[in-house]
Structure formats: structure tokens, C-alpha cells
Amino acid sequence: MKRLLTWIVFSLAAMFGAAALAAPVLTVERVGPPVIGLGGSAQFELRLSGLTDEILGGFSIDIGFDPAVLAFHPAASLNLQFDDYLGIPDTETVGIAEVSAPGVLHVDQVSLLEVSSLFLLQTDPNGQVLPSLRLAMLSFDGLARGTSLVEPIIGSAVFVDSIGLPIDVPLATGAVVSVPAPGTLALLAAAALALAASGRVRRPAGQAATACSIGASR
């Protein structure tokens, strides 16, 4: 009897663990180095992963950031670029991005395509749903010295499938970007070059080199 109960407990734990691992995840992923200069741009991917048999039809997401460190200008066409998994932006979809409150970027997009067209856009040649969909590329400008977390506000996120039924996305992760004081990037670059030079002097013959460079601020 004890063995049977133990087997049931482990089976249930495995089932719930597998379900947790398979849960869709909304992520904001940094593209490029985590440090930018004042006035520089930080790019992020807005990505939805872990869908199993759902075909996405639209979404509405709020993204939090520190408005004292970063700025988003919705009028700049390069600051938001929707991908085409819901259709051609502005032709087969309706989308918008606006700063709805200080430190809150509201992004939504709805497809105008039929279910069959969305299926072709979001599946592989074998008819399997793609494991990850990049929804959009976002770009923020470095406004002042500091560090900002850019993350989805998951409680406000809404996803619907191709026929308008809700898709549960319980998990979300964000990314961090730093804007150092003027001149800091140059100092970091000098330090990196010095370390690289030191490594070349002391490295035994035949050992591979790994270089890391950090661009100076403008």
C-alpha cells in the first residue's frame, strides 16, 4: 500500500511538473549588450514560447520600464516593429504601441486573417505549431544614468487564439539594461583591452583567445 501511494505521488508530481514546463511563456529578451550609452538604443524582442496546439490570433500586453532611465517614442517607426506571424503589419493586422502611463508601454496587435492563413504562418511544414513566436522588436533610448528592468506586466496580458478564445500565459520574464555615466563605457573598453593584452602576453602557446569589446559612448 505504501509503495502504491508513493507511486501515485510521484506520478502526480511528474504530471504537474510536465504541465508547468509546457506552460506558455512571455519573454522580453535583450538583443545586444546589456549596457548602452546616453542617447543610445536598447533593442528587445517580445517573444511568446511554449504554445502546443494554439494558433495565436491577437494579444494585448503592458510592458514595464523605468521612465527615469529609458524612453520610448512611439512616433519613431523603428522603435516598434511587429513580426508577421499574425499577418503583414498594418495590412493584415491592426496594431498599436503607446506609453499609457509613466513606465508602462502598451502593445497590442490583432490579426485580420482567417484561421487557415494563421495556421500556415505559425506552423512548420509538418503542421506542428512553432515553438516560439517573436511578436515584435522594441527599441528604447538611454535617457539617464541607471539600470532598468524591462518586463511584461503579466497580470495585464491578454492572448486570444484564432477564433477569439483566451490563451492562458501564466509565466513571464524580463531583461535588464544599464546606462552608465558618460565616459564609463570608454573606461570599460580600455580595461577590456588591457586585460586582453595581458592575456596575450601570459597565454601559453597554442591556447585559444577569447576577446570581448565594449563600445565607447557617443
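Okay, here's what the table says:
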{"quantity": "Integer Hz, Karplus 6.51/-1.76/1.60 couplings in order for the range 142-148, x for Gly and Pro", "calculated": "x, 9, 7, 5, x, 10, 10"}
{"quantity": "Whole-Hz couplings from phi, Karplus 6.51/-1.76/1.60, listed for the range 49-60; x for Gly and Pro", "calculated": "10, x, 5, 9, 10, 7, 10, 5, x, x, 7, 9"}
{"quantity": "Calculated FRET value between SER49 and THR91, using beta carbons and R₀ = 22 Å, to 0.05", "calculated": "0.25"}
{"quantity": "At R0 = 25 Å, FRET efficiency that the Cβ-Cβ distance of ALA144 and THR173 yields, to 0.05", "calculated": "0.50"}
{"quantity": "Burial ranking of peptide ranges 122-130, 152-160 (average Cβ count within 10 Å, highest at the top)", "calculated": "152-160, 122-130"}
{"quantity": "Equivalent ellipsoid, the range 22-180 (semi-axes from 5 times Cα gyration tensor eigenvalues, Å)", "calculated": "28, 15, 14"}
{"quantity": "Sequence-distant residues sharing a close amide H with ILE153 (under 5 Å, placed H)", "calculated": "ASP62, ILE63, GLY64"}
{"quantity": "Under 5 Å, built H, 5+ apart or other chain: amide partners of GLY40", "calculated": "GLY142"}
{"quantity": "Rg ratio (alpha-carbon, reference 2.2 N^0.38 Å) - the range 85-145", "calculated": "1.46"}
{"quantity": "Added length on full extension, which subtracts the Cα-Cα distance from 0.36 nm per residue, VAL99 to THR123", "calculated": "5.4 nm"}
{"quantity": "Contact order relative to length of the range 22-180, as percent, for alpha carbon pairs under 8 angstrom and 6 or more apart", "calculated": "40"}
{"quantity": "Mean Cβ count within 10 Å, highest first, over the residues of peptides 60-69, 165-174", "calculated": "60-69, 165-174"}
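Read-outs: derived from the displayed coordinates by stated rules, not from any lab. Values in this document were obtained by computation on a predicted structure and should not be read as measured data. Here Cβ is always computed from backbone atoms with ideal geometry, including for glycine, and neighbour counts include all displayed protein chains.
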